[in-house]
Amino acid sequence: MPEKKCTILVCQGTGCISGGAEQILNSLETELVRQNLSGAMQIKHAGCHGFCQRGPLVVIEPEGIFYTKVTPNDIPDIVHSLQPDTVPVERLLYYDTTINRPIKSFRDIPFYYKQQRLVLRNCGVINPENIDDALAAGGYQALRKALAMKPTEIIEEIKKSGLRGLGGAGFPTGRKWEAAFQAPGKDKYIICNGDEGDPGAFQDRSVLEGDPHSVLEGMIIAGFAIGARHGYAYVRNEYPFAVHRLGIAIKQARKRGFLGKNILGSKFSFDVEIFQGAGAFVCGESTALVLSIEGKRGMPRPLPRPRTTEVGLWDKPTLLNNVKTYANIPLIINHGSQWFASRGSEKSKGTAIFSLTGKVVNSGLIEVTMGTRLREIIYDIGGGIPDGRAFKAVQTGGPSGGCLPPELLNMPVDFDSLTAAGSMMGSGGMVVMDQDTCMVDIARYFLDFTQRESCGQCIPCRIGTKQMFDILDNITQGRGKPEDIDTLLELGNSIKDASLCALGQSAPNPVLSTIRYFRDEYEAHIYEGHCPAGVCHGCL
Amino acid sequence: MSKVTINIDGKEVQAESGQTVLDTALANGIYIPHLCHHPELKPRGVCRLCLMEMADGELITACRMPVIAGMVVKTKTKKVDKAIRPTVELLIAYHHDTCRGCPAIGKCELQTVMSHLKIDRKRVRRLRPPPAKKPLDKMNSSFDYDPNRCVLCGVCINTCEDIHGVSLLYYVGRGHETKVAFYGDEKKCESCLECLARCPVGGLMLKKPVEVRH
C-alpha cells in the first residue's frame, strides 16, 4: 500500500495561537504516533498563513488542503484523512457561500488566488524557527548575490525598482539609501522599524513572526550597501512571538555566517540586535525611535534638522526602514529591479500589504499589487460585507489615515491616490465599516488614541487632539454645538500645519476625512440629536 | 562672522551668519510670537508659535531656522495666523487660572503673545473646558510647580541640563497629562533657581514664606 507523504503546516501566528494552535500542534504529534503515520508525515510549525478569521489553520501540502477553525477534537479525523484511500474532512474545509460548496485547496480560494503574495511568499509556508527551511525557500541567496556587487550597484537597483518607504510620505527607498551611503563617517547604523502601533494593523508583526530571515537579509544587504556594521531591530514589546522568532533567526544566521565577522567569507562584518520598544505609539516616528534606542524619552525632533541618514542614532548616519521595506530587498536583488518595477502602478511599485479587518467576510493579512482597486480588495479578496449589509467606508493608515466612502471603491490603491483622497498608506491597516458604523464615533475613537499617545511636547498636538476628542465626545453624547464642525475643521487644519511631527500633522485626518465625506452624519448628531447608525447612546 | 541680509515681513535686516531668524528678528525690533525660545538656550521648536512662511509657502519655526543670505520670510500671513492662533486659543482655554495672583504678571510671555495676536477671549469660549485642575507639585524645598499655568515650553528642563548641568527636571506622562517633574531626584536639586528665573509664565513659583504665628 503506497503511503502518502505530506507536510502538515500548523499556523503559529499570533491570531491562530490565541485560538489554540499550540494545543493543535501537540495533539497532532500524539495522534500521528497513535495512527502510525509519524514516519511519513512532517509537521511544520509555520508563521501566519493570512486567513486569520478562519483560524486556527492547518494546511496539508503538497495538495494545499486547507482546514479552518480547527480544534484539538478535529485532529483524529484530520490524521485519519492522511491514511491512504481517504478523503479530506469536508466539515473543516473553507465553504464558499457564493458557489455553495466547500473548496479543498487554499490555492482555489479567492481570498488567496486574487492576492499577489511576494513579501509574504514564505509566511505560513516555512518554519520561521528553522533556518534550513528559509534556505530551502531561497533565503540568503540575495545576500550572496549582493556581496558580489558594488554598494553603488545595489543602491542603483533599489532606486530603479521604485520601492517606496512606508512613512507617511512614501519616500523613495533608493534615495534614502543613497543619502546614507554618501553621508560621511565610518560608523553608520541600520535600524528596522517594527514599532507597529496602529489599532488594527498587524503586518509587521506577521512578517517578523512568519519570515524573520527575509527581514534580516534585507537589513544585512542594507548594511553592506551603506557601509554600516551594526543594526537594530526595533520591535514592540507587545509582540512577544515576533521578538522570540527574530531572536532565534539572528542566532541561527550568526551560526551560519550570515551575520557576524566576515560574512560569507567577505570583508564585510555586520550584526543585528533586537531593541524592544516600551509601548509608545510615537516611537514609530524615526527621530523618536532613535532617541528611544539611545535610552531617552521618545520625542520627535522638530524640523529644520538634519535627516536621520546624516545625523541619526548616536549622531551617526542611520538608515531607518520599515520591516516590509527590508523584506522587499531580497526580492529586488534576486529578481532584478525591472521585475519589481513591472509590478504596481505608475509611481507606486511592487505590492502593498494590508491587515484587512472590520466588517468584512474574510479578514486577515493580505498582499496585493499596488494599484489594485479598493473594490477588488474588499469584495473579491475580502468577500464583501457580512450578512448582506451595505458598505459604508474603509479606513486606511490607522490613526493617521482617513475614511474613504463608497464613491471611492473604484480607486486604485497606491501611495498617491490614498494621499489625494485624504488618507494614507501608512502602516497598512485597512478597517472596513458597514452601515452600522457611526463615522463620528470612529473619528472619536481614533482621536482618543492619538490624544493619549501624543508625546506632549508641542502645544497643537498635546492640547489640540485632546480638544478635538472632547468636541467629538460631546457630539456623540448629543451635546454638540452648531459651530462644532467649523471648530473641528479650524483646529484640524491648524494642528496639521503647526504640529511638530507626523503624529500631530496626521492626527486630524480621521476627523477631516469623515467631515469631508460624511458631513451629514455630523449634522444629524448636532442638529437633530440623532445618530443615523444607531451607535451613539446619547443620540438615539 | 560674515553678515547676511534677509527680508522679514518686507523689511531688509542684517544678520550674522549662523544666527537664527528669530534672534535676528528680535534683535531688529520685529516681534515673532514665542514661548519656548530663550536666548541662552538651544532652540527646541516645541511651542510652534514662531512659525513663519517661507518663500515656497512652507511653515518653519523661526527659532530653528538659520539665516540664509537673501531669504524672504513672512510672519504675519493668513497661513501663519491660521496655524498659530488656534494654538494660542487652546493654550488659554487650558490655562486654568486668571492672571490675578500669578507670579509672572507683568513679565508673562503668554500675555505678550496674546496682546500681539489680539486674541479674542470670546472665541475661546467655543472650546470645551479643560479637565479638572491639577494639584501643585510641592516636592522641591524652594519652589512649587503649577501644572495649570505651565505651558510645557521645556525652558526649565533645558536650563537644568544646559546651564546648570544637573538634568533633574524632565517631562513625565503623555498627551495632555504631560507635566514637568523631578523624577524622584528632587533632593539633588541645589535650588539655584535658574529654571525659575527663565520660566516664561508662572509655571514655577517661589514657595511662600511660612507664616509664623505669634
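Using a simple charge model, +1 on the beta-carbon of Lys and Arg, -1 on the beta-carbon of Asp and Glu, nothing else, what dipole does the protein assembly as shown show about its Cα centre, in debye to the nearest 20?
On the way: 90 positive and 82 negative charges, 309 e Å.
That gives a dipole near 1480 debye.
For segment A:351-434, what is the convex hull (Cα atoms) projected area averaged across all directions, in square nanometres? All intermediate terms of the calculation are to be shown ahead of the outcome.
Working: hull surface 17.7 nm².
Orientation-averaged projected area of the Cα hull: 4.4 nm².
Under the rule that an exposed site lies in a DSSP loop and has at most 16 other Cβ atoms within 10 Å, name the longest stretch of chain B with no chymotrypsin sites (Phe, Trp or Tyr not before Pro) of that kind, not counting the sites themselves. List each step's numbers first, then the result.
Details: sites that count: B:Y31, B:Y183.
No qualifying site falls inside B:32-182, the longest such stretch.
If you put +1 on each Lys and Arg Cβ and -1 on each Asp and Glu Cβ, how big is the dipole of segment A:267-354 around its Cα centre, in Debye rounded to 20?
Details: 11 positive and 7 negative charges, 43 e Å.
Roughly 200 debye for segment A:267-354.
Give me A:T152, A:T396 sorted ascending by neighbouring Cβ count inside 10 Å, so fewest comes first. Present the calculation step by step, with values, prior to reporting the outcome.
Working: A:T152 12, A:T396 28.
Ranked by crowding around the Cβ, least crowded first: A:T152, A:T396.
Across 10 Å bins from 0, what is the distribution of all Cα-Cα pair distances for segment A:1-158, in whole percents?
10, 36, 31, 13, 7, 2
Exactly which GluC sites (Glu not before Pro) in segment A:439-521 are in a DSSP loop and have at most 14 other Cβ atoms within 10 Å? Please report the intermediate quantities before stating the final value.
Working: sites: A:E453, A:E483, A:E490, A:E521; in loops: A:E483.
Hits after loop and neighbour filter: A:E483.
Taking every pair of distinct Cα atoms and averaging 1/r, then inverting, what Kirkwood hydrodynamic radius in Å comes out for segment A:18-78? It would help to have the intermediate numbers written out before the result.
Values: mean 1/r = 0.0833 Å⁻¹.
Kirkwood hydrodynamic radius for segment A:18-78: 12.0 Å.
Can you give the alpha-carbon Rg of segment A:439-539 over 2.2 N^0.38 Å, where N counts its residues? Show your work: numbers first, answer last.
Working: Rg = 12.8 Å, N = 101, 2.2 N^0.38 = 12.7 Å.
Against the empirical 2.2 N^0.38 Å value, I get 1.00 for segment A:439-539.
Would you pull out the residues with amide H under 5 Å of A:D414's amide H, same chain only if 5 or more places away, H placed 1.01 Å from N?
HN-HN under 5 Å from A:D414: A:G371.
Cα extents of segment B:3-80 along the three principal axes, largest first, in whole Å?
Principal-axis extents of the Cα atoms in segment B:3-80, largest first: 28, 26, 19 Å.
What is the antiparallel percent of DSSP beta bridges lying wholly in the protein assembly as shown, to the nearest 5? Spell out each step's value before the answer.
Values: 48 of 78 bridges.
In the protein assembly as shown, approximately 60 percent of DSSP beta bridges are antiparallel ones.
When the Karplus curve 6.51 cos²θ - 1.76 cosθ + 1.60 is applied with θ = phi - 60°, which whole-Hz ³J(HN,Hα) does each residue of segment A:66-75 get, with x for Gly and Pro?
So the J values, rounded to whole Hz, are 10, 9, 10, 6, 6, 10, x, 5, 7, 4.
If we restrict to alpha carbons, what Rg and Dmax does segment A:116-228 come to, in Å?
14.9, 42
Which far-off residues, 5 or more places away or on another chain, put their amide H under 5 Å from the one on A:L166, with H placed in the peptide plane?
A:N322
Once you have the alpha carbon radius of gyration of segment B:81-124, what is it after dividing by 2.2 N^0.38 Å, with N set to its residue count?
Ratio of Rg to 2.2 N^0.38 Å for segment B:81-124: 1.14.
Give the share of C-alpha pairs in each 10 angstrom bin for chain A, from 0 to the last occupied bin, in whole percents, shortest bins first.
P(r) for chain A, in whole percents per bin: 4, 18, 27, 26, 17, 7, 2, 0.
Among the aspartates and glutamates, which fall within straight-line cross-link reach of B:K122, defined as a Cα-Cα distance under 20 Å, with same-chain neighbours fewer than 8 residues apart omitted?
Here the aspartates and glutamates satisfying the reach criterion relative to B:K122 are A:D470, A:E483, A:D484, A:D486, A:E490, B:D81, B:E89, B:D97.
At 20 °C and 1.002 mPa s, what whole-number value in µm²/s does Stokes-Einstein give for the translational diffusion of segment A:309-375, with Rh from the Kirkwood sum over Cα pairs?
Values: Rh = 14.4 Å.
Translational diffusion coefficient: 149 µm²/s.
Which Cys residues of chain A have no other Cys beta carbon under 4.7 Å away?
Cysteines of chain A left without a disulfide-compatible partner: A:C6, A:C48, A:C52, A:C123, A:C192, A:C283, A:C403, A:C438, A:C455, A:C458, A:C461, A:C501.
Taking θ = phi - 60°, what integer Hz values does the Karplus form 6.51 cos²θ - 1.76 cosθ + 1.60 yield along segment A:11-18, in sequence order, with x for Gly and Pro?
4, 10, x, 4, x, 5, 5, 5
How fast does segment A:131-341 diffuse by Stokes-Einstein, in µm²/s, taking the Kirkwood radius from C-alpha pairs at 10 °C and 1.306 mPa s?
Details: Rh = 16.9 Å.
The Stokes-Einstein estimate is 94 µm²/s.
What is the Å³ per residue value for the convex hull set by the Cα atoms of segment B:74-181? Don't skip to the end; give the middle numbers.
Details: hull volume 16.0 nm³, N = 108.
With only Cα atoms used, segment B:74-181 gives 148 Å³ per residue.
Can you give me the long-range amide H partners of A:Y189? Hydrogens built in the peptide plane at 1.01 Å from N, cutoff under 5 Å, separation of 5 or more residues or another chain.
Close amide H contacts, sequence-distant or interchain: A:T318, A:L319.
Could you tell me the calculated FRET efficiency between B:I163 and B:L206, based on Cβ-Cβ distance and R0 = 25 angstrom, to the nearest 0.05?
Details: r = 18 Å, r/R0 = 0.74.
That gives a FRET efficiency of 0.85.
Could you line up A:K392, B:K74 from fewest to most neighbouring Cβ atoms inside 10 Å?
Working: A:K392 23, B:K74 17.
Fewest-to-most ranking of A:K392, B:K74: B:K74, A:K392.
Compare the Cα positions of B:C156, A:S81, A:T318 along the charge dipole of the protein assembly as shown (+1 at Cβ of Lys, Arg; -1 at Cβ of Asp, Glu; about the Cα centre) and return the one farthest towards the positive end.
Farthest towards the positive end: B:C156.
On average, how much area does the Cα convex hull of segment B:111-163 cover when viewed from any direction, in nm²?
Values: hull surface 22.7 nm².
About 5.7 nm², averaged over all directions.
Could you state the orientation-averaged shadow area of the convex hull built on the Cα atoms of chain B, in nm² to one decimal?
Working: hull surface 57.9 nm².
Projected over every direction and averaged, the Cα hull of chain B covers 14.5 nm².
Short version: ³J(HN,Hα) in whole Hz for each residue of segment A:498-503, in order, from phi by Karplus 6.51 cos²θ - 1.76 cosθ + 1.60 (θ = phi - 60°), x for Gly and Pro, what are they?
Per-residue couplings from phi come out as 9, 5, 7, 10, 5, 4 Hz.
Could you grab the Rg to Rh ratio for segment A:141-189? Cα atoms only, Kirkwood for Rh.
Numbers: Rg = 11.9 Å, Rh = 11.8 Å.
My calculation of the ratio gives 1.01.
Let me test this: with uniform point scatterers at the alpha carbons of segment B:143-206, what is the Debye-based log₁₀ I(q)/I(0) at q = 0.12 1/Å?
With no solvent term, the Cα-only Debye profile gives -0.25.
Would you kindly calculate the translational diffusion coefficient of segment A:174-249, applying Stokes-Einstein with the Kirkwood radius from alpha carbon pairs, for 4 °C and a viscosity of 1.567 mPa s, and quote it in µm² s⁻¹ without decimals? Write out the running numbers ahead of the final one.
On the way: Rh = 13.3 Å.
So the translational diffusion coefficient is about 97 µm²/s.
When the C-alpha atoms of segment A:265-323 are aligned to their principal axes, what extent does each axis show, in angstrom, from largest down?
41, 27, 20
Where a number appears in this text, it was derived from the coordinates with a stated rule and is not lab data. All values reported here derive from a predicted model rather than from experimental measurement. Using ideal geometry, Cβ is built from the backbone for each residue, glycine included, and neighbour counts are taken over all protein chains shown.
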